[in-house]
Every structure is written in structure tokens, then in C-alpha cells.
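S.K.: Let me give you the structure first, and then I'll get to my questions.
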Amino acid sequence: MTAGAHSAQTAGAWEPVIGLEIHVELDTATKMFCACAVTKGDPPNTHTCPVCLAHPGALPVVNQRAVEYATRIALALGCTVRPRNVFHRKNYFYPDLPKAYQISQFDEPLAVDGRFEYWVGDEKLRCRIDRVHMEEDAAKLVHAGGEAGRIAGSDYSVVDFNRGGTPLVEIVSEPEIPSPAAAREFLQQLRDLVIELAVSACVMEEGQVRWDANISVRRVGDTGLGTRTELKNMNSFRYLQQALEAEIPRQVEVLEAGGRIDQETLHFDPATGVTTPLRSKEEAHDYRYFPEPDLVPLVMDPAWVEEVRAGLPELPGARVARFMEQYGLSRADAVVLGGTGALARFYEEVVAQGVDAKLAANWTMGEYLAHLNAAGLEPGHGHATPERLAKLIRLIADGTVSTSAAKDVFAKMIEERAEPAAIVERHGLGQISDTVELEAAVARVVADNPAQVEQYRGGKQQVIGFLVGQAMKATGGRANPKLVNELLRKTLDA
Ligand SMILES: [Zn+2]
């Protein structure tokens, strides 16, 4: 979908309305209501205790660090932290829930009335956040004997209680997201925000962040909401977008045929691209929420909340805006460089060495990012340090190396773990700005390419690009392209 396409709707057409509920597992040392360690990859059922196994009489105790982390998220989303909040029991039976209820929050959640600003292409969108609340994760069911670990077709299932009781934060948006592409951007940028807050690594493959989406359609101009369907427990940005894109025409078709949409949960099959009903949606009253009698209401000290607020880092949205302003970057470049903390810090360290911000942006997004991807490294790691990249950029700026030779220097800088100037010296990669030497190369190119020379002289000026390229090739990419261009024109126009 192209930028802005989601807002370019015509009257009478249908428009989608999307809302999201995002679950984030917090990176606390211990679980939400007991002292068991939060771990990944340990043998099953090695981090359990009477509390998270729901033995009779065991009492939960709230994890203060989890409250702090949840509060960080709430404040970063501009929410009002409520002075008093209450845990509720959400009753339902499932094999991964030994208590047969989940401790969650209901009508007195941690925080309400926030907003999230995100970008879709060059358009800044804003979505209200209904609430941010705390709860505990369920245990993990492992379905064995079937294909792809799905429950359908499996022979039996086992439960790993290590995950049971892990602190979770649920973020609930208002249904204000205008397109599948916008929903995807919303989630990606929200995940960046949570990572920045250092409360969760949000590893998608481990389900540390996952979401439900609800979607309805209405006529452009209508303000009410249609009946919505839900897509549950997703953790792929791409599948979410595909599922929503498949669901919109399905709903429109039903409505235009005079039918009605049933409120139900859908399953999306990425292989067929089709959404199918899974189960009808339970209503809140089905959960028989009631206040958790084993926990007192949480009274939030306003001074403590302000302390948490003061400790928030610069948030990605603000940093992107600052990068555009301070470094003159385009929106797209600012998002790549400023969207995540580690890369933003690397870029700013390069610029801090006194090199041109635009050149630094091009090299950080180009060669440096390609290197990180190829080597599987996180920004800031490896042998391409900000200092070395800045030195290389300086060599380009002062004409010591050509841009194409600089790419070679960059690669060798990592291979040989050496300073750019030393590599230029060692491998003779310096730019040739010596006119006599270049004149010889130009004369050869002119002699070797009579057809192109004739075309140029016949008025086809753009052939010069090809000839410059040949001269660059002949000098191993080391010729000063500007000088080559001048010399070529001088020779050909003579
Ligand atoms: Zn425990």
C-alpha cells in the first residue's frame, strides 16, 4: 500500500476500522506474583512454586519491578496513571491455567487515556490508547505428535509451567487505525518504543510480544462502528497485515449482500490467505471478573510516578523528529536511524566526530547496516566503530578516496581491523587526482570505445556516464570521477 492511500477514500466506499490489543512480557528477574525466576529455554517445570502452580492457600505478592515497568510503558504512551488500581480474577478454564482464573485488571486498571503517534509513509497518525493494565501470563502448552506444533492433529499435549506467572502488560488501543498497513506500522513502532524503555526485549519468535486485532468496516462518513471480528494471538507483522487485508473484502461482501457480520474470532491461514471462523466471542461477563481477594488495591504514590516519568529515555517518535530537525534528514532516513536506540546512538557518535550529517547518514544506512545484517551483529558491535567510520567519511570528503574505493576500504577496515588511512596506504586505494595519470586513462578509454565517442559527438550527451564508468574501471575505482568527467569532456569536445 502506498503512503497515504489509507486516507484517500471516496464517499460511499467502505473503510476499515482496526483496534489492537498488545501483550508484552516484561523482562523482570522474577514472576508477577511469586519469586520464581523468569527464564527462557530452561528445562520444563523447573521454575515453579506453590503460588504459580496454584496450590491451595498459596498467596500472591505483587512484583514491584513489574509495576515500575508497566508504569514506564503507560507514561511513555501519555496515559494517566490511576492513583488506585485493583487486580481482578478473570475466570476461565484452560489446561495452561492451573488456578482456572488469571489475575488481571478490569475496571480499575493501572493507567488510561493515552495516545500513540506513529508514521505511515510521510503521514503522522495518532491513535488513542484506551488502557494499559497488568496481568500474568499463562503456562505454555506443547502439542506433540502432530505437525507444526498445532493442537489439531497432535497426539497429546504437555504443559510447561515455567512461563506461568510471567508479568504481562496489555496495551489496548481505541479502534482508530485506518488500514492494515497502518496497523503494521503501529505495531512495529510500538515495539520499538517498548524496547527503548528497556522493559522487554520483545523477541517475536519467543512470543514476548503478541497481539490481537479487531476489525470492522463502515461506509466512509459514518461515525459508528460495525460489528467486529478478531484475530487472536498473532506475532508476525506480515501475517497481521495479510490477515486484515483478507478480512476487509470478506466483510464488505457479506454486508453488500445484505448479510450481517457475526462477532467471532477468526483464524488466518497464511498459506491460503483466507480467514475462517474459529469460535464465537465470549463477552466480558462470561469471565465473571471479581476483585482478587488475596491482593490489596495498589495505591500509586504520585511522587514515585513522577520519578518513573523523569527516568524515561528520549522516545523514538521524539528522536525521529529531532533527527529531521537537527540533521536535516528526510522522514524515511530519520526513521531508519532514529527508530531504534542502538543505531541512533551509533549514528550520533559518528556525527559527533565532526563529519557531515548527511554523509554519515548515507554510510550508516548503507554499508554499515548491510554489514550488520550480513554479520548478524547489533548496532555498536563489531570492528566498524563510529570513530573509524567517521575517519573514512573524512577521507571521502577531503578527496583522499573516491566513494567506490571507500566501499572497499570499509570492507577491509572490518576484515583487517585497521584504521581507514592505514588501509588506503597499505592497499594503494587513494584517489587518483593526478591529471597526467588520469589523462592517460581517459585517452585509452576514448581509443577503446569509438562507437560511444561517436554517439557523444553526435549529440547523445548521456553516453559520458558510460565513458566515465570505463575510466573508473580502468583505475580500479580510484580515479577522481569529477576530474575524469572534466578531462573526458575536454577531450571529446576538442
Ligand atoms: Zn512461582
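The values are calculated or read from the model by the stated rules, or taken from the named source; none is laboratory data. Remember, predicted model here, so these are calculated numbers, not experimental data. Don't worry about glycine lacking a Cβ; one is built from the backbone with ideal geometry, like all the others, and counts go over all protein chains shown. These area figures cover heavy atoms from the full protein model, side chains too; ligands, DNA and RNA do not enter into them. Shrake-Rupley method; radii C 1.70, N 1.55, O 1.52, S 1.80 Å.
S.K.: Got a sec? Which of 95, 56, 109 is in contact with a strand residue (DSSP E or B) (Cβ under 7 Å, 6 or more places away or on another chain), at pLDDT below 95 and not polar (S, T, N, Q)? Outline the logic, then answer.
M.R.: Values: 56 fails: in contact with a strand residue (DSSP E or B) (Cβ under 7 Å, 6 or more places away or on another chain); 109 fails: at pLDDT below 95.
Among 95, 56, 109, only 95 is in contact with a strand residue (DSSP E or B) (Cβ under 7 Å, 6 or more places away or on another chain), at pLDDT below 95 and not polar (S, T, N, Q).
S.K.: Pick from 109, 98, 167: which is buried (at least 22 other Cβ atoms within 10 Å of the Cβ) and within 16 Å of the ligand (Cβ to nearest atom)?
M.R.: Details: 109 fails: within 16 Å of the ligand (Cβ to nearest atom); 98 fails: buried (at least 22 other Cβ atoms within 10 Å of the Cβ).
Step by step, each of 109, 98, 167 is checked, and only 167 is buried (at least 22 other Cβ atoms within 10 Å of the Cβ) and within 16 Å of the ligand (Cβ to nearest atom).
S.K.: Does at least one position in the stretch 302-310 carry a residue that is surrounded by 11 or more Cβ atoms within 10 Å (Cβ to Cβ) and outside any helix (DSSP H, G or I)? If you could, list the steps in order and put the result at the bottom.
M.R.: Filtering the stretch 302-310 down to residues surrounded by 11 or more Cβ atoms within 10 Å (Cβ to Cβ) leaves 304-309.
Narrowing the set further to residues that are outside any helix (DSSP H, G or I) leaves none.
Within the stretch 302-310, not a single residue is surrounded by 11 or more Cβ atoms within 10 Å (Cβ to Cβ) and outside any helix (DSSP H, G or I).
S.K.: Continuing with the same structure: For residue 414, only one of the following conditions fails: (1) closer than 20 Å to residue 341 by Cβ; (2) surrounded by fewer than 22 Cβ atoms within 10 Å (Cβ to Cβ). What is its number?
M.R.: So the condition that residue 414 fails would be (1).
S.K.: For the stretch 363-385, state whether one or more residues are touching a residue at least 12 places away in the same chain (Cβ under 8 Å), within 30 Å of residue 324 (Cα to Cα) and in contact with a Ser or Thr (Cβ under 9 Å, 6 or more places away or on another chain).
M.R.: The answer is yes; a qualifying residue exists.
S.K.: So which residues in the stretch 387-405 are open to solvent by 10 Å² or more (accessible area, probe 1.4 Å) and in a loop (DSSP other than H, G, I, E, B)?
M.R.: So the first thing to find is which residues in the stretch 387-405 are open to solvent by 10 Å² or more (accessible area, probe 1.4 Å), and the list is 387-388, 391, 394-400, 403-404.
Selection gives 398, 399, 400.
S.K.: Can you confirm whether residue 33 is of a type in the set (Phe, Trp, Tyr), modelled with pLDDT of 95 or more, crowded, with 19+ Cβ neighbours inside 10 Å and within 16 Å of the ligand (Cβ to nearest atom)? Let's see the steps before the verdict.
M.R.: Details: of a type in the set (Phe, Trp, Tyr): yes; modelled with pLDDT of 95 or more: yes; crowded, with 19+ Cβ neighbours inside 10 Å: yes; within 16 Å of the ligand (Cβ to nearest atom): yes.
Here the answer is yes, as residue 33 does meet what is asked.
S.K.: Something else: Can you find a residue that is surrounded by 15 or more Cβ atoms within 10 Å (Cβ to Cβ) and outside any helix (DSSP H, G or I) anywhere in the stretch 246-256?
M.R.: There is no residue in the stretch 246-256 that is surrounded by 15 or more Cβ atoms within 10 Å (Cβ to Cβ) and outside any helix (DSSP H, G or I).
S.K.: Is it true that residue 135 is touching a residue at least 24 places away in the same chain (Cβ under 8 Å), in a strand (DSSP E or B), within 16 Å of the ligand (Cβ to nearest atom) and within 29 Å of the chain's Cα centre (by Cα)? So that I can check it myself, show each step before the final result.
M.R.: Details: touching a residue at least 24 places away in the same chain (Cβ under 8 Å): yes; in a strand (DSSP E or B): yes; within 16 Å of the ligand (Cβ to nearest atom): yes; within 29 Å of the chain's Cα centre (by Cα): yes.
Criteria met by residue 135.
For every residue, the table says whether it meets (1) at pLDDT below 95; (2) assigned to a strand (DSSP E or B); (3) away from the ligand (no atom under 14 Å from the Cβ).
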{"residue": "40", "(1), (2), (3)": "yes, no, yes"}
{"residue": "47", "(1), (2), (3)": "no, no, no"}
{"residue": "51", "(1), (2), (3)": "no, no, no"}
{"residue": "61", "(1), (2), (3)": "no, no, no"}
{"residue": "67", "(1), (2), (3)": "no, no, yes"}
{"residue": "70", "(1), (2), (3)": "no, no, yes"}
{"residue": "74", "(1), (2), (3)": "no, no, yes"}
{"residue": "89", "(1), (2), (3)": "no, yes, yes"}
{"residue": "119", "(1), (2), (3)": "yes, yes, yes"}
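S.K.: Kindly indicate the residue of the stretch 455-483 that is in contact with a Ser or Thr (Cβ under 8 Å, 6 or more places away or on another chain) and part of a helix (DSSP H, G or I) and also most open to solvent (accessible area, probe 1.4 Å) among those meeting that condition.
M.R.: Going through the stretch 455-483, the residues in contact with a Ser or Thr (Cβ under 8 Å, 6 or more places away or on another chain) turn out to be 472, 477-481, 483.
With part of a helix (DSSP H, G or I) added as a condition, the list becomes 472, 481, 483.
Working: 472: 29, 481: 56, 483: 39 Å².
By that ranking, first place goes to 481.
S.K.: Out of all the residues in the stretch 91-117, which are under 18 Å from residue 292 (Cβ atoms), in a strand (DSSP E or B) and among the aromatic types (Phe, Trp, Tyr)?
M.R.: Hit for the stretch 91-117 is 101, nothing else.
S.K.: Do we find a residue being assigned to a loop (DSSP other than H, G, I, E, B), open to solvent by 70 Å² or more (accessible area, probe 1.4 Å) and in contact with a strand residue (DSSP E or B) (Cβ under 8 Å, 6 or more places away or on another chain) anywhere in the stretch 285-298? I'd like the intermediate steps shown before the answer.
M.R.: From the stretch 285-298, those assigned to a loop (DSSP other than H, G, I, E, B) are 288-289, 292-297; that's our starting set.
Of the ones still in play, those that are also open to solvent by 70 Å² or more (accessible area, probe 1.4 Å) are 288, 293, 296.
From the residues that got through so far, the ones that are in contact with a strand residue (DSSP E or B) (Cβ under 8 Å, 6 or more places away or on another chain) too are 288.
Yes, that holds for at least one residue.
The rows are residues; the columns are (1) under 24 Å from residue 482 (Cβ atoms); (2) modelled with pLDDT under 95.
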residue	(1), (2)
363	yes, no
375	no, yes
390	yes, no
395	yes, yes
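S.K.: Any residue at all in the stretch 278-300 that's modelled with pLDDT under 90 and closer than 18 Å to residue 242 by Cα?
M.R.: yes
S.K.: Is it the case, given these coordinates, that residue 432 is open to solvent by less than 70 Å² (accessible area, probe 1.4 Å) and in contact with a strand residue (DSSP E or B) (Cβ under 8 Å, 6 or more places away or on another chain)?
M.R.: Numbers: open to solvent by less than 70 Å² (accessible area, probe 1.4 Å): yes; in contact with a strand residue (DSSP E or B) (Cβ under 8 Å, 6 or more places away or on another chain): yes.
Yes: the conditions hold for residue 432.
S.K.: Search the stretch 167-196 for residues that are within 13 Å of residue 18 (Cα to Cα) and pair each with any residue that is of a type in the set (Ser, Thr, Tyr) and surrounded by fewer than 24 Cβ atoms within 10 Å (Cβ to Cβ) when their beta-carbon atoms are under 8 Å apart and the residues are at least 6 apart or on different chains.
M.R.: Close Cβ pairs satisfying both conditions: 175/216; 178/7; 182/118; 185/118; 186/118.
S.K.: For the stretch 12-30, how many residues meet the condition of being under 15 Å from residue 204 (Cα atoms) and either within 16 Å of the ligand (Cβ to nearest atom) or out of contact with any helix residue (DSSP H, G or I) (no Cβ under 7 Å at 6 or more places or on another chain) (or both)?
M.R.: Taking the stretch 12-30 first, the residues under 15 Å from residue 204 (Cα atoms) are 22-27.
With the extra rule that they be either within 16 Å of the ligand (Cβ to nearest atom) or out of contact with any helix residue (DSSP H, G or I) (no Cβ under 7 Å at 6 or more places or on another chain) (or both), the set shrinks to 23, 25-27.
Result for the stretch 12-30: 4.
S.K.: Looking at the stretch 406-429 only, could you name the residues that are of a type outside the set (Asp, Glu) and either assigned to a loop (DSSP other than H, G, I, E, B) or in contact with a His (Cβ under 9 Å, 6 or more places away or on another chain) (or both)?
M.R.: The first filter runs over the stretch 406-429 and keeps only residues of a type outside the set (Asp, Glu), leaving 406-407, 409-414, 417-418, 420-424, 426-429.
Once the filter is applied, which keeps residues that are of a type outside the set (Asp, Glu) and either assigned to a loop (DSSP other than H, G, I, E, B) or in contact with a His (Cβ under 9 Å, 6 or more places away or on another chain) (or both), the stretch 406-429 yields 409, 410, 411, 412, 413, 414, 417, 418, 428, 429.
S.K.: Please state which of the following conditions residue 41 fails to meet, knowing it meets all the rest: (1) touching a Gly at 6+ places or on another chain (Cβ under 8 Å); (2) on the phi > 0 side of the Ramachandran plot.
M.R.: Unmet for residue 41, out of (1) touching a Gly at 6+ places or on another chain (Cβ under 8 Å); (2) on the phi > 0 side of the Ramachandran plot: (1).
S.K.: Using the structure shown, decide if residue 452 is free of Cβ contacts under 8 Å to residues at least 24 places away in the same chain, of a type in the set (S, T, N, Q) and crowded, with 17+ Cβ neighbours inside 10 Å.
M.R.: Working: free of Cβ contacts under 8 Å to residues at least 24 places away in the same chain: yes; of a type in the set (S, T, N, Q): yes; crowded, with 17+ Cβ neighbours inside 10 Å: yes.
It is true that residue 452 is free of Cβ contacts under 8 Å to residues at least 24 places away in the same chain, of a type in the set (S, T, N, Q) and crowded, with 17+ Cβ neighbours inside 10 Å.
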